[in-house]
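Input: a single structure, listed below in structure tokens.
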Amino acid sequence: MKHEILLLREVAERLRVSPATVNRLLSQRRRGKGHFPLPLSLFKGKGRWLASDVEDYITSLASINATAPAPIKSETQKEKEFAERQKRAQQTLARHGIRKQGTPQPPGNVEPAVQRQKRHATAEFDTET
């Protein structure tokens, strides 16, 4: 019986993830979380996987995803989430001094431009006399 042995790079290619993700899955397995196949210890520090173990893992992922239904959100839950996003957006805009229409909001101690122009115009007139 012939077994195909895969390198880390080949396992990553089969799973269509990066080698770092394979290492993360392996780390989770060693901590007791997840069910990623453990590598064979053929050489010190070099993990090799049986192709059949990797294929079984892929099959198990497909069966888990097929049996787990996607959570359905109620309309009220969607409305609450939308309202929360709107509230956060308004807080962000207010923090940056932007009005709802997108125009900058002047700081509290700055007088409006029209009043400033009137004050300068009267000051120039007073200095000429």
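Laid out as a table, the results:
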| quantity | calculated |
| --- | --- |
| Inter-site label distance for ALA62 and LEU50 at 7 Å from Cα along Cβ, in nm | 2.0 nm |
| 20 Å reach of a label modelled at LEU40, 7 Å along Cα-to-Cβ, counting backbone N of segment 1-21 | 1-15 |
| Theoretical FRET efficiency, 1/(1+(r/R0)^6), r = Cβ-Cβ of GLU81 and VAL17, R0 41 Å, to 0.05 | 0.85 |
| Equivalent-ellipsoid semi-axes of segment 5-67, from the Cα gyration tensor, Å, largest first | 19, 13, 11 |
| Net lengthening on full extension, LEU7/ARG29 (0.36 nm per residue, minus Cα-Cα) | 6.1 nm |
| Placed amide H near ILE98: partners under 5 Å, 5+ positions off or other chain | GLN105 |
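Read-outs: derived from the displayed coordinates by stated rules, not from any lab. If you're wondering where the values come from, they're calculated on a predicted model, not measured in any experiment. In this analysis, Cβ positions are derived from the backbone assuming ideal geometry, glycine residues included, and neighbour counts consider all displayed protein chains.
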